[in-house]
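Student: I have a structure I would like to understand better, so I am pasting it below and will then ask my questions one at a time.
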Amino acid sequence: MPALVLLGAQWGDEGKGKATDLLGGSVDYVVRYQGGNNAGHTVVVGDQKYALHLLPSGILSPGCTPVIGNGVVIDPSVLFSELNGLNERGVDTSKLLISGNAHIITPYNVTVDKVTERFLGKRKIGTTGRGIGPTYADKINRVGIRIQDLYDESILEQKVEAALDGKNQLLTKVFNRRAIEVGQVVEELLSYADRLKPYVADTVLVLNQALEDDKVVLFEGGQGTLLDIDHGTYPFVTSSNPTAGGACTGAGVGPTKISRVIGILKAYTTRVGSGPFPTELLDADGEALRRIGGERGVTTGRDRRCGWFDAVIARYATRVNGLTDFFLTKLDVLTGWEEIPVCVAYEIDGKRVEELPYSQTDFHHAKPIYENLPGWSEDITKAKSFSDLPKNAQDYVKALEEMSGAPISAIGVGPGRDETIEINSFL
Ligand code: GDP
Ligand code: IMO
Ligand code: MG
């Protein structure tokens, strides 16, 4: 009954798409359990590159059933354009299943996301502007619109009315914007109903039955541990739970069913948007990591902030997710540095601190304490086994493993499916 959770161990963009795709051929279901089209997962298959935002990366593996769970927020227009794009490239998307309980990102949620950010000015979160936060806020406020609501026009109308009541007050009186009309929103939402219908299913039942039948289920996280609403660098986070527990609530599968939790970990660190980032490099090294690593957002096209590897964060990710394994990605990007600094602890107000401080103020004051590890200059992109790596690259991996608290079971040495060193099998 293998059920694996695959999630980001840092601030997102660790290479989850590639890792999921790699396992896609050996799993029966790939399930997105939280987030929405704020995610940007890149998958490279041969000479083809795919950028997925909402669809689980398993959609590219023909034998695999892709599932969008109840914990995801869905913008139907984005979903359709993603499906169209894949269909045009010959990818069969007919097996997709969508939970009827998943919430819909409505046009007013997108508007509220954008005006709120503008209103926050220099205190902005730097969201992707896709309406993620306001949609989850409506869900928690119990005024959200779910996929199933599209199939009862009168209920849909009442719900949109309830959701817009307060929002229109806010838009007109605080944000100085025009009110949004209920009828227009209802009409737009209803226009999605027919095309969505064949995909809508009781995904909780489907997934639990699959597990009972010994099928292999992979839960693919969006974002990353430090962007988690509960465990991340709040308030500079996303509005869902990418951490392992989110897979249970966001898909309706009990924790006793999860057999393995794999943390995707970049060999250095990146972050998009605002918020603290102790190892951030604002110098030529940061620029070089960005250039060599191609660190530009898949969703918003923003440059990613880059910095050295932070072992304090990796240890934290191991703890809050109960990680059983790491998949270390982008080791190839570090080729060519004579020495590679790794953050082993922080200095906060003159004191050495080994673990992530729970206080936001302390984290903002954290200065990295570095250990310099010797680098390597040999091309590692063709390495197929751990022993193919130069000694210093092997030592870098071993040092990271020791500091991070879980075994590194795979190493990425390039964006392609086959540019991976498998150390322990995930299945
Ligand atoms: P995700 O959001 O976690 O799926 O990650 P993104 O797709 O946003 O960003 C990761 C980027 O790194 C993508 O462009 C991948 O193609 C690329 N990538 C993934 N693994 C590796 C690797 O091991 N080496 C290199 N050079 N690139 C990688
Ligand atoms: P993947 O799945 C990196 C960041 C945004 C912003 C914060 C809140 O590709 O790793 P939101 O729009 O979610 O309300 O924005 O979270 N963010 C991501 N950063 N990778 C992502 O996804 C992200 N999804 C959201 O930049 O700082
Ligand atoms: Mg991404």
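The values are calculated or read from the model by the stated rules, or taken from the named source; none is laboratory data. All values derive from a computational prediction rather than experimental measurement. FYI the Cβ positions are ideal-geometry reconstructions off the backbone, even for glycines, and counts take in every protein chain you see. Just the protein is used for accessible areas: all its heavy atoms, side chains included, with ligands, DNA and RNA removed. Shrake-Rupley method; radii C 1.70, N 1.55, O 1.52, S 1.80 Å.
Student: Among the numbered criteria (1) in contact (Cβ under 8 Å) with a residue 60 or more places away in the chain; (2) under 18 Å from F80 (Cβ atoms), which one does I145 miss?
Tutor: So the condition that I145 fails would be (1).
Student: In the set D75, D47, D13, D21, which member is within 27 Å of D138 (Cα to Cα) and within 16 Å of ligand 1 (Cβ to nearest atom)?
Tutor: Answer to the check: D13.
Student: Regarding the range 357-369, can at least one residue be identified that is assigned to a strand (DSSP E or B) and polar (S, T, N, Q)? Working first, answer last.
Tutor: Quick first cut of the range 357-369, residues assigned to a strand (DSSP E or B) only: 367-369.
Subsequent filtering for residues that are polar (S, T, N, Q) retains none.
No: zero hits.
Student: Just name the residue that is most open to solvent (accessible area, probe 1.4 Å) out of those in the range 177-208 that are part of a helix (DSSP H, G or I) and under 24 Å from G254 (Cα atoms).
Tutor: L205
Student: Provide a single number: the residues in the range 254-297 that are surrounded by 19 or more Cβ atoms within 10 Å (Cβ to Cβ) and either of a type outside the set (S, T, Y) or within 16 Å of ligand 3 (Cβ to nearest atom) (or both).
Tutor: 22
Student: Output the strands (runs of 3 or more DSSP E) that fall wholly within the range 228-326 and possess 1 or more residues being within 30 Å of R118 (Cβ to Cβ) and within 16 Å of ligand 2 (Cβ to nearest atom), or say none.
Tutor: The qualifying strands (runs of 3 or more DSSP E) are 269-271, 305-307.
Student: Where residues in the range 42-63 are within 13 Å of ligand 3 (Cβ to nearest atom) and open to solvent by less than 10 Å² (accessible area, probe 1.4 Å), which of them is nearest to G416 (Cα to Cα)?
Tutor: V43
Student: Only one of L211, L218 is open to solvent by less than 30 Å² (accessible area, probe 1.4 Å) and in a helix (DSSP H, G or I); which?
Tutor: L211
Student: Looking for whichever is among the β-branched types (V, I, T), within 15 Å of ligand 2 (Cβ to nearest atom), under 24 Å from the mean Cα position of the chain (by Cα) and within 15 Å of Y192 (Cβ to Cβ) here; the options are I147, I140, I105, I132. Which one fits?
Tutor: Unique residue meeting the criteria: I105.
Student: Looking at D47, D21, D28, which one is away from ligand 2 (no atom under 16 Å from the Cβ), among the charged types (D, E, K, R) and at pLDDT below 95? Even if it seems obvious, please write down each step before you answer.
Tutor: Working: D21 fails: away from ligand 2 (no atom under 16 Å from the Cβ); D28 fails: at pLDDT below 95.
The match here is D47.
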